[in-house]
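Undergrad: Before I ask anything, let me first share the structure, which is written out below as structure tokens.
Bear in mind these aren't lab numbers, they're just calculated from the coordinates by the rules spelled out. The structure displayed is predicted, hence computed values, not measured ones. Using ideal geometry, Cβ is built from the backbone for each residue, glycine included, and neighbour counts are taken over all protein chains shown.
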Amino acid sequence: MARGRKPAESVVVPMKDGESGHNLQARALAKAAQLRPEGLLDEVRWVYDRLAPPLCHPTKDRLNEANVFMFVQLCRSVVRYERYTVLLEEEGETYTAKTRNGTQQKSRPEVAQLNETWRQIRALASDFGMTPAAERALGGSGQMGFNFGGDNDDDFT
């Protein structure tokens with residue numbers, strides 16, 4: 001009975017003793033903890049611990065040593081965004097100023113900073129495939145996005 005060609009040794013990933021290979025979530029948490037840089041502030045570390053495990057999940061594997069610096073920048077941007085959001089909820093998005101032209105409603109400078117921080121978050125999140133469009137773009141590469149169809153599907157075009 002023919003079973004196909006043997007895989008090349010460079011492609012085979014051996015199982016480690018005592019590991020089942022099915023504990024994907026535990027492996028993601030362990031890799032996220034291993035990659036976390038030392039000396040992160042509490043808020044940044046909390047955001048890192050919240051966002052990193054899904055990216056370290058073995059089925060995605062988007063976070064590694066080479067790009068952890070940019071991921072920390074994403075975490076810092078998220079912390080800054082949350083601070084601006086709380087500030088604007090407390091103080092409002094506008095203030096009243098009396099000028100020579102009379103009383104005017106002006107937008108707080110923090111609104112512009114919030115918008116810029118949001119743009120930074122969107123750009124960095126897209127780089128890590130954390131937006132739906134970026135995830136579709138990453139999933140479409142190679143055979144990951146290819147659909148073989150069902151048994152009743154006669155259309156091969």
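Undergrad: Report the label-to-label distance for Lys60 and Arg83 in nanometres (one decimal), using points 7 Å from each Cα along the Cα→Cβ vector.
TA: 2.6
Undergrad: Taking 8 Å as the Cα distance limit and 6 or more residues as the minimum spacing, I'd like the relative contact order of the stretch 27-134 as a percentage.
TA: Relative contact order of the stretch 27-134: 23 percent.
Undergrad: Say the dipole of the stretch 27-134 comes from +1 at the beta carbon of Lys and Arg and -1 at that of Asp and Glu; which of Gln105, Phe69, Ala28 then lies farthest toward its positive end?
TA: Gln105
Undergrad: Order the peptides 93-101, 39-47, 24-32 from the highest to the lowest mean number of other Cβ atoms within 10 Å of their residues.
TA: The packing order, highest mean first, is 24-32, 39-47, 93-101.
Undergrad: Give me the extension gain from Arg3 to His22: residue separation times 0.36 nm, minus the current Cα-Cα distance, reported in nm with one decimal.
TA: 4.3 nm
Undergrad: Report, by chain and number, residues whose modeled amide H sits under 5 Å from the one on Thr94, excluding near sequence neighbours (fewer than 5 apart, same chain).
TA: Residues meeting the amide H criterion: Arg108.
Undergrad: For Ala133 and Arg50, what is the calculated FRET efficiency with R₀ set at 25 Å and r taken between the beta-carbons, to the nearest 0.05?
TA: Computed FRET efficiency for Ala133 and Arg50 comes out at 0.70.
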